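Before any comments, here is the structure.
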Amino acid sequence: MIYLLSFLLGIPSPVFMFLNAEAWTITTVLLSDAQPLGVALMVALGQCVGYTLVYFNGPWLVARLPKLEARLKAFDFERYRHASYAMLFLGCVAGFPPALLFTLLSRQLGFRYPFYLAVIMAGRCARFTILALLPQTFAAWFKA
């Protein structure tokens, strides 16, 4: 059941920042008997579903926000196209630049969906695996 809840929390968490998947992952690993890698994988899968929804609805979302649309029209995408997948992966693992921003811009940057999904999944799995294993690492430190 905890894995299903982790997956379901992961879906809206990329858009609704108050549904913090990182805090959920750490808390769930600390307070339950769930496997850390299972929780990390389920949250990462949920977030990939959420990012996929934003990927396909991004142009519609941008059109609904006139200020953002005006800034995007003035932005020079060609300048960053060569490093776009690396920056997306960095955003997925480290959180900067925001992965949600790259998801909104993904069509303008020319991301093809299969490669985009692979980069998002790899980055999110790495991020949540690190977060899920942190409590065990620190527990071992403080026991000694």
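None of the figures in this text is laboratory data; all of them are computed from the coordinates on show. Note that the coordinates shown come from a computational prediction; the quantities given were computed from them, not determined experimentally. All Cβ positions, glycine included, derive from the backbone under ideal geometry; neighbour counts span all protein chains shown.
Residue pairs whose Cβ atoms lie under 9 Å apart, separated by 6 or more positions or on different chains, with the first residue in the stretch 112-127 and farther than 18 Å from TRP24 by Cα and the second of a type outside the set (Lys, Arg) and assigned to a loop (DSSP other than H, G, I, E, B), are VAL119/PHE111. With the requirement that a residue be among the hydrophobic types (A, V, I, L, M, F, W, C), in a helix (DSSP H, G or I) and loosely packed, with under 14 Cβ neighbours inside 10 Å, what does the stretch 47-67 give you? Listed by number, the residues that qualify are PHE56, TRP60, ALA63.
Residues are listed down the side, and each one gets a yes or a no for (1) in contact with a Cys (Cβ under 7 Å, 6 or more places away or on another chain); (2) within 22 Å of GLN47 (Cβ to Cβ); (3) polar (S, T, N, Q):
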site	(1), (2), (3)
SER84	no, yes, yes
VAL93	no, yes, no
LEU117	yes, yes, no
LYS143	no, no, no
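Of the residues that make up the stretch 62-78, is at least one of a type outside the set (D, E, K, R) and under 16 Å from CYS125 (Cα atoms)? Checking the stretch 62-78: not a single residue is of a type outside the set (D, E, K, R) and under 16 Å from CYS125 (Cα atoms).
Of all residues in the stretch 1-43, exactly one satisfies the criterion of being charged (D, E, K, R) and within 13 Å of ARG127 (Cα to Cα), namely GLU22.
Within the stretch 71-91, being surrounded by fewer than 10 Cβ atoms within 10 Å (Cβ to Cβ) and part of a helix (DSSP H, G or I) holds for LYS73, ALA74, GLU78, ARG79, HIS82. Among the residues making up the stretch 1-46, those that are surrounded by fewer than 20 Cβ atoms within 10 Å (Cβ to Cβ), part of a helix (DSSP H, G or I) and over 16 Å from the mean Cα position of the chain (by Cα) are ILE2, TYR3, LEU4, LEU5, THR27, LEU30, LEU31, LEU37, GLY38. No other residue among GLY123, GLY95, GLY50 is closer than 23 Å to GLY38 by Cα, in contact with a Phe, Trp or Tyr (Cβ under 6 Å, 6 or more places away or on another chain) and not polar (S, T, N, Q) apart from GLY123. Within the stretch 92-118, the set of residues being within 18 Å of LYS73 (Cβ to Cβ) and part of a helix (DSSP H, G or I) comprises LEU101, PHE102, LEU104, LEU105, SER106, ARG107, GLN108, LEU109.
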